[in-house]
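Derivation of every value follows stated rules applied to the coordinates shown; laboratory data play no part. All figures in this text were calculated on a predicted structure; none of them were measured in a lab. Positions of Cβ are backbone-derived with ideal geometry, glycine not excepted, and every protein chain shown enters the neighbour counts.
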Amino acid sequence: MPTFIGRLYLLLNLKYRRSRDLVNQHLYRMIEQELQETPMMRAERKKLSLIASLIASLQQDEKLEASKTEEDKKGLSRAEVLDEMLSFLIAGYSTTTAALTWFIHLMSIHPEVQNKVKKELAQYNMQSLSVEQLDSFTYLDCVLREMFRFVPPGFGTLRTLTVDDRLPSTGAELRKGDLVLIGIHNMGRDRRYWSGPVDPDQFYPERFLVEGNDANNNKAASISFGGGHRQCIGQDLARFEVKAICARLMQRVTFGDGGPEVNSGEYAGDEGDAVTPKRMGVTITFDSDYST
């Protein structure tokens, strides 16, 4: 279906327009509240808040900046700041959703791993978990790190070269302006970086029980959120929310394998900015002591 049809539908959808206007009004109020702070307070908040840092780049005179060429413009217009704030609020939801989907699938086909996660959580029964308690779940950490290595929610990331370069291992010449695809999925399965006794094509959380790199596993090759100064700005939040939700699920339910015909996993193909299972059919059993 052509993309303009979807955009046209949203423009004609009264409920969507009302929801959009409500969100925009709230974000504009946030901008105004930030601008009312003293310069000293705003300077301090800029160090601690992404939103404050973004608003600090607001143009002082939008009409003047609009008359300039793109190269000469400075700062962001209110509309551009609003778009960036929306990105902060909603960006990554699809990749987080994909990660949770893969977690459910992997738990259903690896009951021994699921049981170990539940055993680690058992001491807290059904109670709400604090941040400190979440941080203490070492095995769940390993499961999630292995999940992001084994089935990253994105196949790769693109980078544009700013200078000419040469790959030392192959001698391949790269030119300024070339677009390079970094294969996150491929790096997570490359036997040059994962040469331990367990094949990298196998889901094995225990490979992450050893902190840092060991002789067999190069943890730097697992870059689901990118690397360097352009890595995902929201990765800490994404890891935390995925861990919190997975822990809560494991406190309450057990996922079972629905069989190879409906729960084979595989990749759904190009479905947007996240890679999801093509076939996922699981059974869900509420644990016996679940009472709320």
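With +1 on each Lys and Arg Cβ and -1 on each Asp and Glu Cβ, and nothing else charged, work out how big the dipole of the chain is about its Cα centre, in Debye to the nearest 20.
On the way: 36 positive and 40 negative charges, 78 e Å.
Roughly 380 debye for the chain.
For a quick check: sort His26, His105 by the number of other beta carbons within 10 angstrom, fewest at the front.
His26, His105
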For this session: Compute log10 of I(q)/I(0) for the stretch 3-90 with the Debye formula, placing one identical point scatterer on every Cα and leaving out solvent, at q = 0.12, 0.20, 0.26 Å⁻¹, to two decimals.
Result: -0.48, -1.01, -1.23
Exercise. Using the 10 angstrom Cβ neighbour count as an exposure proxy, how do Tyr16, Tyr139 rank, fewest first?
Worked result: Tyr16, Tyr139
Seminar exercise, completed: When the charge dipole of the chain is computed with +1 on Lys and Arg Cβ and -1 on Asp and Glu Cβ about the Cα centre, the Cα farthest towards its positive end, among Phe203, Leu106, Gly154, belongs to Gly154
Seminar exercise, completed: Counting sequence-distant residues (5 or more places) and residues on other chains, those with an amide H built under 5 Å from that of Leu58 are Leu76
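What percentage of all Cα-Cα pairs in the chain are separated by more than 32 Å?
44
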Problem set entry | Stokes-Einstein D in µm²/s, Kirkwood radius over Cα pairs - the stretch 91-142 at 20 °C with 1.002 mPa s viscosity | 173
Exercise. Of Leu54, Leu167, Leu35, which has the largest mean-square fluctuation in a 10 Å C-alpha GNM of the chain?
Worked result: Leu167
Exercise. So which GluC sites (Glu not before Pro) in the stretch 51-80 end up in coil per DSSP with only 15 or fewer other C-beta atoms within 10 Å?
Worked result: Glu70, Glu71
Seminar exercise, completed: Any residue on another chain or 5+ positions along whose placed amide H is under 5 Å from the amide H of Gly154 is listed here as Val275
Exercise. Of the residues Val163, Val275, Val23, which exhibits the maximal mean-square fluctuation in a Gaussian network model of the chain defined by a 10 Å Cα contact cut-off?
Worked result: Val163
Exercise. Among the lysines in the chain, how many pairs, 8 or more places apart or on different chains, have alpha carbons under 16 Å apart?
Worked result: 5
Exercise. Among Pro152, Pro200, Pro39, which one moves the most in a GNM of the chain with springs linking Cα atoms closer than 10 Å?
Worked result: Pro39
For this session: Could you work out how far the C-alpha centroid of the stretch 126-190 sits from that of the stretch 223-266, in angstrom?
Result: 14
Exercise. What area, in nm² and to one decimal, does the C-alpha convex hull of the stretch 95-200 cast on average over all directions?
Worked result: 9.7
For this session: Hey, for a label at Asn186 modelled as a point 7 Å past Cα toward Cβ, could you say which residues of the stretch 199-228 have their backbone N under 16 Å away?
Result: 221-224
Exercise. Can you sort Lys176, Lys243 so the residue with the fewest Cβ neighbours within 10 Å comes first?
Worked result: Lys176, Lys243
